[in-house]
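**Student:** Quick one: the structure is below, questions incoming.
Just so it is clear, none of the values below were taken in a lab; they were calculated from the coordinates. These figures come from a predicted structure and were not determined experimentally. No Cβ is skipped: glycine too gets one built from the backbone with ideal geometry, and neighbour counts run over all protein chains shown.
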Amino acid sequence: MNCNDGPFLSLTPEQRLAVTRRTFLRRSGSGIGLAALGMLMNEGLNAAPAKGSPATGFPGFPNFTPKAKRIIYLFQSGAPSQMDLFDPKPELGERRGQDLPESIRKGQRLTTMTSGQKTFPVAPSLFKFGQHGQSGAWFSELMPHMAGIADDWCVIRSMNTEAINHDPAITFMQTGSQLAGRPSIGSWLGYGLGSQNKDLPAYVVLTSFGTGRRDDQPLYDRLWAAGFLPSKHQGVKFRNQGDPVLYLSNPPGMDRGIRRETLDELGALNRRRHALIGDPEIETRIAAYEMAFRMQSSVPELTDVSKESKHVLESYGPDVRKPGTYAANCLLARRLAERNVRFIQLFHMGWDHHFGLPKALRGQCADTDQPTAALIRDLKARGLLDDTLIVWGGEFGRTIYSQGTLTADDYGRDHHPRCFTMLLAGAGVRGGTTYGATDDYCYNIVENPVHVHDLNATVLHLLGVDHTKLTYRYQGRDFRLTDIHGELVKAVLA
């Protein structure tokens, strides 16, 4: 097949590699030589890296020396209220209950939750704010522990997105598209950069339920899926109840030696099939079986925190010994970072506060504030923060006006895509920085807007990836995480 042929160009990179390899070998005419060369090439393509050593990702990546070797993404699912946590507007106290001016709202589309309201009463935050650290960064009284490391944080107040409802918004944050089916950011990084530990997945997902609203928006496996990338790059979700990973134990009557022999036989059959048809998903299947075998040893050791010091455990808060809590997942994230897992993502549900926000927000902050700060301090104490990127935030912001009835001690807030706050810390980040600004109503951005594509471009940059070069051809088009958009936010880089 000519490499300039249209059908050839429509193939995935893996399929093109397989087709050209088979064509070359077939034309070489030597059966013995074909078999020997095939074995050598197969070993080169599939051999797992030694523990702690980098595996080869896609050729040419990283594009330049990275500041970060790994990322811990603390996703607060449901959308934290920025004006109650990080973006104070004290002057609004005098405008409490007044209708939000049309000159501010500017005809913004509304969700079905508030589209029927006749008024949009301004609801100033009930919580006090203070300045912290040498940087003087503002934090709510609900976040005393995160405020205690204010100079480690880069606070971006001018985030904005395109989606106004949860499902498309969280999908957009994770994949760069509001429509499901694209690869997640962790899958893109696994595809481009490969793995750094042969005994654990390159992309691990941890989930937890918030106390603020336990029946919050659900999470879907497609949020950490590989989309049209080879499925070996999808995230591996650790369960928040029971065994972290299913089926790691050997079935009754099968010891580790028998299982090893079984996998060897299955691997031989799969490799024969792959030699015939070149389907890259067969290689994925082989790799998945081998990873599961290695995880029989690596996961129990990973999740056993019995050797952690009392001081470390106490620093994460009282929930750290309860598997599946945000605190326990933060400690697990540090242990995964120690083992060079490339992309570690925590999803904490419970931030969707349409009603009863003051009470619910207290619960969410109690879940997350201390463990988040403890994670960063723990990483720093072990010298890991220098090459670990931390991202904290949700899918959009909340409205300054109250959804439903505004009372003296209660209010709710609707979805707000025009402005929200996210925080960065760690490798390559300019700590002690507050970037961007919103108007007096925390409704519109007035300085240095940062789009979701800009944030993702910056995250990739910190891991040594030029976001315009990390592409994958699918259905005749080159795709990337940032689509055709994205600008590097240089002001937040150290």
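**Student:** Quick one: length gained pulling THR407 to VAL305 fully straight, 0.36 nm per residue minus the C-alpha distance? Write out the running numbers ahead of the final one.
**Tutor:** Values: separation 102, 0.36 × 102 = 36.72 nm, distance 4.53 nm.
Separation in residues times 0.36 nm, less the Cα-Cα distance, equals 32.2 nm.
**Student:** Right, something else. Taking the Kirkwood radius as the inverse of the mean 1/r across Cα pairs, report the Rg/Rh of segment 363-459.
**Tutor:** Working: Rg = 16.2 Å, Rh = 15.8 Å.
Rg/Rh: 1.03.
**Student:** With a cut-off of 13 Å, note down the residues of segment 219-263 whose backbone N falls inside the zone around a label point 7 Å from the Cα of ASP167 toward its beta carbon.
**Tutor:** Zone members listed by number: 219-223.
**Student:** When only alpha-carbon atoms count, how far does the chain stretch along each of its three principal axes, as whole angstroms with the largest first?
**Tutor:** 86, 55, 40
**Student:** Still on this structure, I have one more. How far is it, in nm, from the label point at LEU488 to the one at ASP386 when both lie 7 Å from their Cα along the line to the Cβ?
**Tutor:** 2.3
**Student:** Take every DSSP beta bridge whose two residues both sit in the chain, then give the antiparallel share in percent to the nearest 5. Write out the running numbers ahead of the final one.
**Tutor:** Working: 23 of 49 bridges.
Of those bridges, close to 45 percent are antiparallel.
**Student:** Mind giving me the FRET efficiency for GLU265 and SER115? R0 is 51 Å, r the Cβ-Cβ distance, nearest 0.05 is fine.
**Tutor:** The calculated FRET efficiency here is 0.25.
**Student:** For the residues LYS237, LYS310, what sequence is obtained by ranking on other C-beta atoms within 10 Å, fewest first?
**Tutor:** Arranged by neighbour count, lowest to highest, LYS237, LYS310 become LYS310, LYS237.
**Student:** Taking neighbour Cβ counts within 10 Å as the exposure measure, how do ASP369, ASP264 sort from fewest upward?
**Tutor:** ASP264, ASP369
**Student:** Given points 7 Å out from each Cα along the Cα-Cβ axis, report the ARG294 to LEU219 separation in nanometres with one decimal.
**Tutor:** The modelled label-to-label distance comes out at 2.4 nm.
**Student:** Over the alpha-carbon set of segment 301-358, work out the extent along each principal axis and list the three values in angstrom, largest first.
**Tutor:** 42, 27, 15
**Student:** Let me ask something else about it. Points 7 angstrom from Cα along the Cβ direction at ASP151 and TYR247: gap in nanometres?
**Tutor:** Output for this residue pair reads 5.1 nm.
**Student:** Tell me the net charge near ALA425. Cut-off is 13 Å between Cβ atoms, ALA425 excluded, with +1 for each Lys or Arg and -1 for each Asp or Glu.
**Tutor:** Net local charge, ALA425 excluded: -1.
**Student:** Hey, another quick one. Bin all alpha-carbon pair distances of segment 187-273 at 5 Å intervals from 0 and give each bin's fraction as a whole percent.
**Tutor:** Spelled out bin by bin, segment 187-273 gives 3, 11, 14, 16, 19, 18, 11, 5, 3, 2, 0 percent.
**Student:** Fewest first, what order do ARG339, ARG418, ARG239 take by the number of other Cβ atoms within 10 Å?
**Tutor:** Final ranking by Cβ density, sparse to dense: ARG239, ARG339, ARG418.
**Student:** Another question, then. With only alpha-carbon atoms counted, please give the Rg and Dmax of segment 134-212, in Å.
**Tutor:** Here Rg and the maximum Cα pair distance are 17.1, 44 Å.
**Student:** Report P(r) for segment 55-191: all Cα-Cα distances, bin width 10 Å, range 0 to the bin holding the largest distance, values in whole percent.
**Tutor:** P(r) over segment 55-191, rounded to whole percents: 9, 26, 31, 23, 9, 2.
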